[in-house]
């Protein structure tokens with residue numbers, strides 16, 4: 001079971017060709033005072049998985065969260081054009097670490113594990129015109145950091161460094177497959 005409303009995570013999980021249902025987790029995603037981005041992502045991924053597992057105790061539940069980390073400050077989903085412009089201006093010419101956390105929980109078996117994929121992304125020194133052109137073309141207002149690397153957002157980037165290629169999109173499938181196997185889910 002996937003504890004997420006993200007269409008990106010749903011599309012990624014479909015790649016594993018396992019049957020699953022989707023349930024929206026009821027979790028307050030407000031960062032705690034002074035909470036570092038990595039800790040925030042891990043806490044929310046686990047909270048999402050636990051919230052859905054409480055409703056479906058026999059299910060193996062996947063929770064995930066992604067926080068863009070710019071110099072220790074969390075950048076969430078912008079929600080609108082003005083915030084997206086502000087985020088991309090902050091990130092131009094900078095290295096941003098996308099903290100993509102994953103939790104797999106099954107209450108019936110007592111299984112609970114978390115993992116984290118850090119994706120180091122270097123943004124080009126973007127002009128205001130490039131930022132506007134990108135945002136009008138793709139409107140990534142529901143993406144942490146205002147950029148979708150799986151689309152035109154790749155043109156905003158200088159480099160991507162990670163060991164799990166789907167982590168930047170929102171669900172690290174290598175880690176997901178590893179945790180699902182540990183939880184007893186047969187993938188192949």
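What pairs can you find where one residue is in the range 106-119 and within 13 Å of residue 184 (Cα to Cα), the other is surrounded by fewer than 16 Cβ atoms within 10 Å (Cβ to Cβ) and modelled with pLDDT under 95, and their Cβ atoms are less than 6 Å apart, with a gap of 6+ or different chains? Matching pairs, first to second residue: none at all. Of 99, 94, 113, all but one fail to be surrounded by 15 or more Cβ atoms within 10 Å (Cβ to Cβ), closer than 18 Å to residue 68 by Cβ and either within 17 Å of the chain's Cα centre (by Cα) or at pLDDT 95 or above (or both); the exception is 99.
For the range 128-151, which positions are within 16 Å of residue 6 (Cβ to Cβ) and in a helix (DSSP H, G or I)? If the condition is that a residue be within 16 Å of residue 6 (Cβ to Cβ) and in a helix (DSSP H, G or I), then 144, 145, 146 are the ones that fit.
Looking across the range 135-153, just one residue is out of contact with any helix residue (DSSP H, G or I) (no Cβ under 6 Å at 6 or more places or on another chain) and modelled with pLDDT of 95 or more, and that is 136. Hey, any hits in the range 77-99 for a residue that's in a strand (DSSP E or B) and closer than 19 Å to residue 46 by Cα? Looking through the range 77-99, at least one residue is in a strand (DSSP E or B) and closer than 19 Å to residue 46 by Cα. When the range 160-188 is filtered for residues that are at pLDDT below 95, closer than 9 Å to residue 100 by Cβ and out of contact with any helix residue (DSSP H, G or I) (no Cβ under 8 Å at 6 or more places or on another chain), only 168 remains.
Of the residues making up the range 26-38, at least one is within 16 Å of the chain's Cα centre (by Cα) and under 18 Å from residue 172 (Cα atoms). Within the range 21-45, the set of residues being surrounded by fewer than 23 Cβ atoms within 10 Å (Cβ to Cβ), under 15 Å from residue 1 (Cβ atoms) and either in contact (Cβ under 8 Å) with a residue 40 or more places away in the chain or out of contact with any helix residue (DSSP H, G or I) (no Cβ under 7 Å at 6 or more places or on another chain) (or both) comprises 21, 24.
Suppose the filter is free of Cβ contacts under 8 Å to residues at least 24 places away in the same chain, surrounded by fewer than 22 Cβ atoms within 10 Å (Cβ to Cβ) and within 26 Å of residue 87 (Cα to Cα); does residue 73 pass it? Please lay out each step first, then the result.
Values: free of Cβ contacts under 8 Å to residues at least 24 places away in the same chain: no; surrounded by fewer than 22 Cβ atoms within 10 Å (Cβ to Cβ): yes; within 26 Å of residue 87 (Cα to Cα): yes.
Spelling it out, it is not the case that residue 73 is free of Cβ contacts under 8 Å to residues at least 24 places away in the same chain, surrounded by fewer than 22 Cβ atoms within 10 Å (Cβ to Cβ) and within 26 Å of residue 87 (Cα to Cα).
How about the range 152-170: which of its residues are in contact with a strand residue (DSSP E or B) (Cβ under 7 Å, 6 or more places away or on another chain), surrounded by fewer than 19 Cβ atoms within 10 Å (Cβ to Cβ) and in a loop (DSSP other than H, G, I, E, B)?
Here is the first cut: in the range 152-170, the ones in contact with a strand residue (DSSP E or B) (Cβ under 7 Å, 6 or more places away or on another chain) are 156-162, 164, 167-168, 170.
When the remaining residues are screened for being surrounded by fewer than 19 Cβ atoms within 10 Å (Cβ to Cβ), the result is 157-162.
If the condition is that a residue be in contact with a strand residue (DSSP E or B) (Cβ under 7 Å, 6 or more places away or on another chain), surrounded by fewer than 19 Cβ atoms within 10 Å (Cβ to Cβ) and in a loop (DSSP other than H, G, I, E, B), then 162 is the only one that fits.
Of the residues that make up the range 48-56, is at least one in a loop (DSSP other than H, G, I, E, B) and in contact (Cβ under 8 Å) with a residue 40 or more places away in the chain? For the range 48-56, residues in a loop (DSSP other than H, G, I, E, B) and in contact (Cβ under 8 Å) with a residue 40 or more places away in the chain: present.
Can you name every residue in the range 57-69 that is in a strand (DSSP E or B) and either free of Cβ contacts under 8 Å to residues at least 60 places away in the same chain or over 14 Å from residue 144 (Cβ atoms) (or both)? Before you say what the answer is, go through the steps one by one.
Step one: of the range 57-69, the residues in a strand (DSSP E or B) are 61-69.
Matches in the range 57-69: 61, 62, 63, 65, 69.
Filtered by the rule that a residue be in contact (Cβ under 8 Å) with a residue 40 or more places away in the chain and more than 16 Å from residue 11 (Cβ to Cβ), the range 143-163 gives 144, 145, 146, 147, 156, 160, 161, 162, 163.
The values are calculated or read from the model by the stated rules, or taken from the named source; none is laboratory data. What you see is a predicted model, and the numbers here were worked out from it, not measured in a lab. Here the Cβ is made from the backbone with ideal geometry for all residues, glycine too, and neighbour counts use every protein chain on show.
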